[in-house]
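Read through the structure below, which is laid out as structure tokens, and then see the notes.
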Amino acid sequence: MYKLSIDNLNELFALIGQDSKVYAPIERAGQVEFFLWSVEEKVRLDALNTVKSAKGFFFPQTEVLYKTKLEGKKIEIEAAEDAEEPTVYFGVRACDVKSFDVLDKVFLSEPVDSYYAAKRKHGTIVSMACSKPADTCFCGLFGIDATSPAGDVVTWIVGDTLYWDSKTEKGEALTVKVKELLVDADDVEVKKQQTEVKEMIAKAPLHDLSLEGFGGDALDELFNSPKWEALSSACLGCGTCTFVCPTCQCYDIRDYDSGHGVQKFRCWDSCMYSDFTMMAHGNNRTTQLQRFRQRFMHKLVYFPANNDGDFSCVGCGRCLQKCPQSLNIVKVIKALGGKKND
């Protein structure tokens, strides 16, 4: 394990940025998002969660797949932008790191999504442990340890010190690159912080959630539950929950006529929209109840049924914070499942 003063963060980013892009949580217009780092930016490693998740690193909100150019009767096809530039993603929280495992099951399964795979291959994840979880956090429900996240390099901030521990081959390579800024350290302060944070989590409002009764074996019972009507009645179908969610992976593919040719691009979509998967005959889910049910059945039943019991949620709490109607996966879990010791 190593450490460095947080006063040297810009030096660290600059050193990494000599041959790699660097993304970090940056504050703009009062909100914190992951943006490309530059020395003029205001880095906010103290922010617990960015507004949107880190899934956009590998599955961007909008992504050009290829371009075509028409000259007379000749059509030229131009490949997508190069995704092979080394990139370091700094300050990713444990929940967002776990979301990459969920997305991997979707985009790296056959047939492999080459756009996603290229970004994963050339990306290095520097995760950051949580020191003060929010009341809306419940990542522990999905086996995530917020005090010791996964990642190529794991970091902790204790006081004015950043602790650094490489975990993978990519992490070791990055450590060698910035070694001049690091000094050897023990893990005494890190372990102390981990103990304190785990005590906070044990007292958090959502610590007693339970997934008992969810999963592939409960498909018929949950699908036919009469509780969906009350749960979905206030849903506006705005799609906010899907756009802030780290694990939602629905997308649409469209064409854009630039006047000089056509760009084929994909963009995030939402199963909460009335025209989602619209076909010539219409849509198979014609009510908001059906669309609402589909979203949560997928996360809590369909996905684990097809992925060895892994759920398509990481407990980041963004949907709890952002839904204008206060509808979220926690309400669904409580209504259809229960709490520990019920």
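The values are calculated or read from the model by the stated rules, or taken from the named source; none is laboratory data. Predicted model, so just to flag it, every value in this text is computed and none were measured. Counting neighbours? That spans all protein chains shown, and the Cβs are built from the backbone with ideal geometry, glycine included.
Things to note:
- If you check Ser258, Ser270, Ser233 for being surrounded by fewer than 16 Cβ atoms within 10 Å (Cβ to Cβ), outside the structural domain of Leu162 (by TED's automatic domain parsing), of a type outside the set (Val, Ile, Thr) and over 30 Å from Lys74 (Cα atoms), only one passes: Ser233.
- Residue in the range 250-276 that is nearest to Phe59 (Cα to Cα), counting only those that are in a loop (DSSP other than H, G, I, E, B) and either touching a strand residue (DSSP E or B) at 6+ places or on another chain (Cβ under 9 Å) or basic (Lys, Arg) (or both): Cys250
- In the range 11-35, the qualifying residues are those that are touching a strand residue (DSSP E or B) at 6+ places or on another chain (Cβ under 6 Å) and among the hydrophobic types (A, V, I, L, M, F, W, C), and the one that is surrounded by the fewest Cβ atoms within 10 Å (Cβ to Cβ) is Phe35.
- Every test in (1) outside the structural domain of Asn328 (by TED's automatic domain parsing); (2) modelled with pLDDT under 95 is passed by Val154 save one, and that test is (2).
- Enumeration of residues in the range 1-26 that are within 26 Å of the chain's Cα centre (by Cα) and among the aromatic types (Phe, Trp, Tyr): Phe13, Tyr23
Let's see how each residue does on (1) more than 26 Å from Tyr66 (Cβ to Cβ); (2) modelled with pLDDT of 85 or more:
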site	(1), (2)
Tyr256	no, yes
Gly261	no, no
Cys267	no, yes
Gly282	yes, no
Thr287	yes, yes
Gln294	yes, yes
Asp308	yes, yes
Arg318	yes, yes
Gln325	yes, yes
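Yes or no, residue by residue, for (1) within 25 Å of Lys105 (Cα to Cα); (2) crowded, with 16+ Cβ neighbours inside 10 Å; (3) without any contact (Cβ under 8 Å) to a residue 60 or more places away in the chain:
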{"residue": "Glu180", "(1), (2), (3)": "no, no, no"}
{"residue": "Val190", "(1), (2), (3)": "no, yes, no"}
{"residue": "Pro205", "(1), (2), (3)": "no, no, no"}
{"residue": "Leu222", "(1), (2), (3)": "yes, yes, no"}
{"residue": "Thr240", "(1), (2), (3)": "yes, yes, no"}
{"residue": "Cys245", "(1), (2), (3)": "yes, yes, no"}
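- Yes/no for Thr240 being modelled with pLDDT under 95, in contact with a Pro (Cβ under 9 Å, 6 or more places away or on another chain) and of a type in the set (S, T, N, Q): yes
- As a summary of the residue check, Glu229 satisfies the conditions (1) under 24 Å from Glu63 (Cβ atoms); (2) over 25 Å from the mean Cα position of the chain (by Cα); (3) among the acidic types (Asp, Glu) except for the one numbered (1).
- Selected residue (criterion: surrounded by the fewest Cβ atoms within 10 Å (Cβ to Cβ)) from residues of the range 43-73 that are in contact with a strand residue (DSSP E or B) (Cβ under 7 Å, 6 or more places away or on another chain), among the basic types (Lys, Arg) and over 27 Å from Val314 (Cα atoms): Lys69
- The condition of being touching a Lys or Arg at 6+ places or on another chain (Cβ under 6 Å) and closer than 28 Å to Phe13 by Cα holds for only one of Val178, Val188, Val244, Val197, that being Val244.
- All of Glu84, Glu76, Glu110 fail the test of being of a type outside the set (S, T, N, Q), surrounded by fewer than 17 Cβ atoms within 10 Å (Cβ to Cβ) and in contact with a His (Cβ under 8 Å, 6 or more places away or on another chain), apart from Glu84.
- Scanning the range 219-244 for residues that are of a type outside the set (A, V, I, L, M) and farther than 30 Å from Glu33 by Cβ yields Asp220, Glu221, Phe223, Asn224, Ser225, Pro226, Lys227, Trp228, Glu229, Ser233.
- Which listed residue, of Glu212, Glu199, is among the acidic types (Asp, Glu) and assigned to a helix (DSSP H, G or I): Glu199
- Positions within the range 285-342 being among the hydroxyl-bearing types (Ser, Thr, Tyr) and in a helix (DSSP H, G or I), in sequence order: Tyr302
- Hits in the range 163-189 - residues which are in a helix (DSSP H, G or I) and among the aliphatic types (A, V, I, L, M): Ala173, Leu174, Val176, Leu181, Val188
- Counting only strands (runs of 3 or more DSSP E) that fall entirely inside the range 14-104 and contain at least 2 residues that are not assigned by TED's automatic domain parsing to the domain that holds His122, no element qualifies.
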